[in-house]
Amino acid sequence: MQLKALNVSEITDYIKRMMDNDIILRNVRVRGEISNLKYHSTGIYFTLKDEVASLKCVMFNEYSRLLNFTLQDGMSVIATGRITVYEKSGTYQLYVQSIQSEGIGALYLAFNKLKEKLEKEGLFDSDKKEPIPKHPKKIAVVTSPTGAVIRDIITISRRRNPTVDILVVPVLVQGSSAADEICNALRILNKREDIDVIILARGGGSLEEIWPFNEEKVARCIYASRIPVVSAVGHETDFTISDFVADLRAPTPSAAAEIVVPDIKVYQRELFLLKTKLLTLMTAELNRKKKEFEGLKRALYLNSPTKKSEILRHKVENLTASLYNEMLSIYQHKRNDFLILAEKLNSLSPLKVLTRGYTIVLDKQEKVISSVKDIKPYDEIKILFKNGKAKAIVQEVKENE
């Protein structure tokens, strides 16, 4: 006889009815440690686990609003509710109606114990942390080679500065061998000379999933690294031992890329401002030097033999012109004086009376005869007229009575 084949929904419904009718599963108390805690609009989703197994749980808002304390990963609790099948995924889970706190879980106790130990040893001291380089040329990213984390880091880095090289160092980021792989990657990178900074990254997860980053061996490898290490594990609210011992903690892997990789646009703006400032300073300096050169050129010209010769030539020309003008003025003045004196002399000249019909009588020695007493009869005389002269012999001399 061949068994009847059941479809998935039929077998799931059958299992669900069996669990719903089970007297123990209808009202059960489960002790465990909270992990992978998530708050949603419909309620609180988390996992209860112990050393061997784990159980998915959901506490809807009608019950979660009655809680008088805040749930946290690593908290040890006793949850009361019913276990049934969630048909959509075919998984069973605990629908929690109430929760009783039992304190901090084992993982959190281990976390706090190691944190206290390393803090006392000085592994968290800020004065021992290396500064993150402002202008890295090559960045090593220690993370899983697949998934959103490495894609986000590469995308953001390329957008901010495509000239920065990224070396992806693939490691496991959860599980028992993850811590050893992380330590090995850090040791290998510290043997290289071309790495400027290391990003240790992982996405979010439960406390046990990110536990490799809380292991002591990983913390000591980070502390021993001569290359600055940026820890970027989980979400902003997640804290690991790696965060405390690293040279810098980034709230998320994407934020690590934003922090480590400088924005080339900022460089471009700074370069533009520096270029503008340099051009302004160069222009001002060139103008100053030009004025200084013109001043020196003028001083050199004024003190050169050519300029001095030119100045002396102008001076001689000016003096010559001044002397000529002065001599011309003196000549004109003296000429005028001469003409005036000549006119006066001419008006007093004996010859002048000749023009008025008078004559001048001269003796043989051509001396002017001004009196009849100076001649006697039969003396030879000369008579000057205005237009000529004549000789005569005196016939008679008679004085006036």
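The values are calculated or read from the model by the stated rules, or taken from the named source; none is laboratory data. Predicted model only: the values in this text are computed from it and were never measured. Neighbour counts are summed over all protein chains in view; Cβ atoms, including those assigned to glycine, are modelled from backbone coordinates with ideal geometry.
Output yes when any residue across the stretch 67-85 is more than 25 Å from PHE213 (Cβ to Cβ) and either exposed (fewer than 12 other Cβ atoms within 10 Å of the Cβ) or in the same structural domain as VAL245 (by TED's automatic domain parsing) (or both), and no when none is. Please lay out each step first, then the result.
Step one: list which residues in the stretch 67-85 are more than 25 Å from PHE213 (Cβ to Cβ), which gives 67-69, 78-85.
The next check asks that each one be either exposed (fewer than 12 other Cβ atoms within 10 Å of the Cβ) or in the same structural domain as VAL245 (by TED's automatic domain parsing) (or both); those that pass are 68-69.
Yes, because at least one residue in the stretch 67-85 is more than 25 Å from PHE213 (Cβ to Cβ) and either exposed (fewer than 12 other Cβ atoms within 10 Å of the Cβ) or in the same structural domain as VAL245 (by TED's automatic domain parsing) (or both).
Table: residues versus (1) modelled with pLDDT of 95 or more; (2) under 28 Å from the mean Cα position of the chain (by Cα); (3) in the same structural domain as CYS183 (by TED's automatic domain parsing); (4) more than 24 Å from LYS191 (Cβ to Cβ).
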{"position": "PRO228", "(1), (2), (3), (4)": "yes, yes, yes, no"}
{"position": "HIS235", "(1), (2), (3), (4)": "no, no, yes, yes"}
{"position": "ASP238", "(1), (2), (3), (4)": "no, no, yes, yes"}
{"position": "SER242", "(1), (2), (3), (4)": "no, no, yes, no"}
{"position": "ALA250", "(1), (2), (3), (4)": "no, yes, yes, yes"}
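For (1) more than 60 Å from the chain's Cα centre (by Cα); (2) within 19 Å of ILE78 (Cα to Cα); (3) free of Cβ contacts under 8 Å to residues at least 12 places away in the same chain, each residue gets a yes or a no:
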position	(1), (2), (3)
GLU10	yes, no, yes
ILE15	yes, no, no
ILE24	yes, yes, yes
ASN27	yes, yes, no
GLY32	no, yes, no
ILE44	no, yes, no
LEU48	no, yes, no
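I want to confirm something. Restricting to the stretch 209-221 and keeping residues that are surrounded by fewer than 20 Cβ atoms within 10 Å (Cβ to Cβ) and touching a residue at least 40 places away in the same chain (Cβ under 8 Å), which single residue is farthest from PRO136 (Cα to Cα)?
The first filter runs over the stretch 209-221 and keeps only residues surrounded by fewer than 20 Cβ atoms within 10 Å (Cβ to Cβ), leaving 209, 216-217, 220.
This time we only want the ones that are touching a residue at least 40 places away in the same chain (Cβ under 8 Å), so: 209, 216, 220.
Numbers: GLU209: 31, GLU216: 29, ARG220: 24 Å.
Looking at the filtered set, the residue picked out is GLU209.
Pull up the stretch 86-105, narrow it to residues that are over 20 Å from ASN27 (Cα atoms) and of a type outside the set (Lys, Arg), then point me to the one that is surrounded by the most Cβ atoms within 10 Å (Cβ to Cβ).
First pass over the stretch 86-105, keeping only residues over 20 Å from ASN27 (Cα atoms): 88-90, 103-105.
Still in the list and also of a type outside the set (Lys, Arg): 89-90, 103-105.
Working: SER89: 10, GLY90: 13, GLY103: 9, ILE104: 15, GLY105: 22.
Applying the filter and picking the extreme gives GLY105.
Listed residues GLU51, GLU33; which is closer than 27 Å to GLY204 by Cβ, of a type in the set (Asp, Glu) and touching a Lys or Arg at 6+ places or on another chain (Cβ under 7 Å)? Can you show your working first?
Numbers: GLU51 fails: touching a Lys or Arg at 6+ places or on another chain (Cβ under 7 Å).
That would be GLU33, the only listed residue that is closer than 27 Å to GLY204 by Cβ, of a type in the set (Asp, Glu) and touching a Lys or Arg at 6+ places or on another chain (Cβ under 7 Å).
In the stretch 165-193, what residues are aliphatic (A, V, I, L, M) and more than 34 Å from the chain's Cα centre (by Cα)? Before the answer, list the steps.
The first filter runs over the stretch 165-193 and keeps only residues aliphatic (A, V, I, L, M), leaving 166-169, 171-173, 178-179, 182, 185-186, 188-189.
VAL169, VAL171, LEU172, VAL173, ALA178, ALA179, ILE182, ALA185, LEU186, ILE188, listed by residue number.
Here is a list: ALA224, ALA178, ALA232. Which entry is in contact with a strand residue (DSSP E or B) (Cβ under 8 Å, 6 or more places away or on another chain) and either surrounded by 22 or more Cβ atoms within 10 Å (Cβ to Cβ) or farther than 20 Å from LYS138 by Cβ (or both)?
Details: ALA224 fails: in contact with a strand residue (DSSP E or B) (Cβ under 8 Å, 6 or more places away or on another chain); ALA178 fails: in contact with a strand residue (DSSP E or B) (Cβ under 8 Å, 6 or more places away or on another chain).
Every option except ALA232 fails the conditions.
Need the failing condition index for PRO145 against (1) surrounded by 14 or more Cβ atoms within 10 Å (Cβ to Cβ); (2) within 22 Å of GLU215 (Cβ to Cβ); (3) in contact with a strand residue (DSSP E or B) (Cβ under 7 Å, 6 or more places away or on another chain), just the number.
Checking PRO145 against (1) surrounded by 14 or more Cβ atoms within 10 Å (Cβ to Cβ); (2) within 22 Å of GLU215 (Cβ to Cβ); (3) in contact with a strand residue (DSSP E or B) (Cβ under 7 Å, 6 or more places away or on another chain), the one that fails is (1).
Quick check on the stretch 324-372: of everything there that is touching a strand residue (DSSP E or B) at 6+ places or on another chain (Cβ under 9 Å) and β-branched (Val, Ile, Thr), which residue is modelled with the lowest pLDDT?
VAL353
Hey, can you tell me all the residues within the stretch 290-335 that are among the aliphatic types (A, V, I, L, M) and more than 60 Å from the chain's Cα centre (by Cα)? Full working, then the answer.
Pass one, the stretch 290-335, residues among the aliphatic types (A, V, I, L, M): 296, 299-300, 302, 311-312, 316, 319, 321, 323, 327-328, 330.
If the condition is that a residue be among the aliphatic types (A, V, I, L, M) and more than 60 Å from the chain's Cα centre (by Cα), then VAL316, LEU319, ALA321, LEU323, MET327, LEU328, ILE330 are the ones that fit.
Say we look at the stretch 373-401 and pick out the residues that are modelled with pLDDT under 80 and loosely packed, with under 13 Cβ neighbours inside 10 Å; which of these is farthest from ALA342 (Cα to Cα)?
GLU401
Among the residues in the stretch 6-24, are any modelled with pLDDT of 90 or more, among the aliphatic types (A, V, I, L, M) and not assigned by TED's automatic domain parsing to the domain that holds ALA219?
Scanning the stretch 6-24 turns up no residue that is modelled with pLDDT of 90 or more, among the aliphatic types (A, V, I, L, M) and not assigned by TED's automatic domain parsing to the domain that holds ALA219.
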